[in-house]
Amino acid sequence: MFDVADPAVWIALDDAVRHRARSSADGTWLPAWQRTEQGLTLTDGQLALGLCQRDGRIREWALGEVAERPGLLPLVVIRCADWAEPVRDRARTRWAEAVTVETAVALAPLALRIGIRYRGDFALGLIDEVLRSADREALLPLLTHADRAVRRFAHRLAVEEGFLSPAELARGAARDEDTVVQGLCAEAALAAVAEGDADDDVLEPLLAARNPRARSAGVTALRRAGRGERAFGFLGDRAAVVRACARYVVRQSGGDPVQWYRRRCAEAGDAALSAGVVSGLAECGDRRDAEVLWALTSYPDPVVRARAVGGLRALDVLDVPRLRALLDDPAPGVVREATLALVLSARMLDDGWLLERLAVERARETRVSAFRLLNAHGGLVRLRAAVALVDDPDDKLRHWARQSVQRWHPTADVPRGAVEVGELLGRARHLFSDHVLKRRLWEAGLSA
């Protein structure tokens, strides 16, 4: 009737039967109870209902009938965390009698879910004990299980018991999609590598991994392996954590990563430049590198241009006229970075120039950028921009603009009694109740 391998199904069955017993008095399984008194045997399905009943006496009785019924062990695991002590004790006795390596592997996913419950750690504790005494082959299905919680449990156990070689740990760190497993395997693989004795079977999977956590571990291991020169190849990695580890290894090997970044960025016209190199220069350079980054804001690759603008912001280099020109860049990433750099200096920008960029025919990223900067202006400028977009066809912009109007209050730079404020609020009166609108007008020195 259902997928018995899915832990969620057993938990749902237990909840559903308990709810039915609470809301219905038909006692679906009670005829079977009466038949047992006449010497008849319950089916697994009927007994499963008994194991889930709301009445603890029934659950306790049903646990006495589960011997030699392996199909019902998932419900025994659930009952190991039962709120009623007699039921809980009998379930734990049954589970201790029935648990084997095979059942431990099969029911580990369910036990992990039950383990988070109050008094729910007993079943998982026995599974942990059994698997630690088993051979490594028994654990392999759990190491590749679809549930990440199961993989974490299995890898932690395998690391503690030494079931996996450094090379297997390295491959696990490179292959698994879960960051916890990646970190666990990478750290264990490196810990097993002696100083100056790194095997290619360990290093290469880590260095070639797609996930940054494994790559950064591999790069860090290059110093211990005496291969620090290879770290230069990771100074321009796409991930910041890998670049940081590469810079550490390069410095420990006597190199200068800053000079390497500067040389690569200065030679950008003669060779292809990766975005990671630009970010690396901003991460470890200083304001003397600003002109190099400004030159890269016209680089053909839009990702490089965006990283260059982000680098200028990281170095706290602000040139409003030059950054303003980048708001019209065709690449959305460049526009976003320029906006972030300008938002704290929004009042230095011409609000009329920004209002022109709210026009519907403009690119969406340009319109979002212009509204963000106008919103940061505050005061009357913010109200003008928000009211202009209250009926905009773009759903997100329209919602943002309406929220901005509703949250607007006159600031000290808004002249009291300004007629324009009354006109703008009048155009957006459908966003306010009568009381709130009167309050806003009163705050602005106007009458309703």
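The numbers here are math on the coordinates, done by the rules we state, and not lab data. Predicted model, so just to flag it, every value in this text is computed and none were measured. Cβ coordinates were reconstructed from backbone atoms using ideal geometry, including for glycine residues, and neighbour counts include every protein chain displayed.
Evaluate E = 1/(1 + (r/R0)^6) for residue 136 and residue 65, where r is the Cβ-Cβ distance and R0 equals 56 Å; express this FRET efficiency to the nearest 0.05. Before the final figure, lay out each step's value.
Values: r = 36 Å, r/R0 = 0.65.
That gives a FRET efficiency of 0.95.
Relative to the Cα centre, what is the charge dipole magnitude of region 281-379, using +1 at the beta carbon of each Lys and Arg, -1 at the beta carbon of each Asp and Glu, and rounding to the nearest 20 debye? Walk me through the intermediate numbers first.
Working: 14 positive and 15 negative charges, 46 e Å.
Roughly 220 debye, rounded to the nearest 20.
Mind giving me the FRET efficiency for residue 443 and residue 340? R0 is 45 Å, r the Cβ-Cβ distance, nearest 0.05 is fine. Kindly include the intermediate steps, with their values, before the conclusion.
On the way: r = 31 Å, r/R0 = 0.70.
That gives a FRET efficiency of 0.90.
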Longest principal axis of the chain (C-alpha) makes with the long axis of helix 212-224 (C-alpha) an angle, in degrees to the nearest 10, of 90 degrees
Taking Cα atoms only, helix 166-175 is inclined relative to the longest principal axis of the chain by an angle, in degrees rounded to 10, of 60 degrees
Length gained, residue 241-residue 3, 0.36 nm per residue minus C-alpha separation, equals 81.5 nm
GluC sites (Glu not before Pro) in region 356-409 lying in a DSSP loop, each with at most 15 other Cβ atoms within 10 Å of its Cβ, come to 361
Label model pair residue 353, residue 229: point-to-point distance (7 angstrom along the Cα→beta-carbon line) in nm is 5.1 nm
Computed for the chain: size of charge dipole around the Cα centre, +1 on C-beta of each Lys and Arg, -1 on C-beta of each Asp and Glu, debye to nearest 20, value 1660 debye
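Run the helix sum for the chain: -39,500 (n - 2.57) per DSSP H stretch of 4+ residues, divided by residue count, reported at 222 nm to the nearest 500 deg cm²/dmol. Don't skip to the answer; put the middle values down first.
On the way: 27 runs with 284 residues, N = 448.
Rounded to the nearest 500, it is -19000 deg cm²/dmol.
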Matching label for the computed Cα Rg over 2.2 N^0.38 Å, out of (i) 1.05; (ii) 0.95; (iii) 1.47, is (iii)
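Among 95, 61, 83, what is the fewest-to-most ranking by other Cβ atoms within 10 Å? Don't skip to the end; give the middle numbers.
On the way: 95 23, 61 18, 83 10.
Ordered by Cβ neighbours within 10 Å, fewest first: 83, 61, 95.
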Exposure proxy check on 430, 155, 145, 409: fewest-to-most Cβ neighbours within 10 Å is 430, 409, 145, 155
Restricting to Cα pairs under 8 Å and 6 or more apart, the percent relative contact order of the chain works out to 5 percent
If 364, 79 are placed from fewest to most neighbouring beta carbons inside 10 Å, the sequence is 364, 79
Scoring region 40-199 by relative contact order with C-alpha pairs under 8 Å, at least six apart, yields a percentage of 13 percent
Row for region 147-236, column shape: gyration tensor on C-alpha, a ≥ b ≥ c, rounded if a/c < 1.5 i.e. under 1.5, prolate if a/b over b/c, else oblate; value oblate
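Using a Förster distance of 45 angstrom, determine the FRET efficiency expected from the C-beta separation of residue 262 and residue 178, and round it to 0.05.
Details: r = 38 Å, r/R0 = 0.84.
That pair, residue 262 with residue 178, gives E of 0.75.
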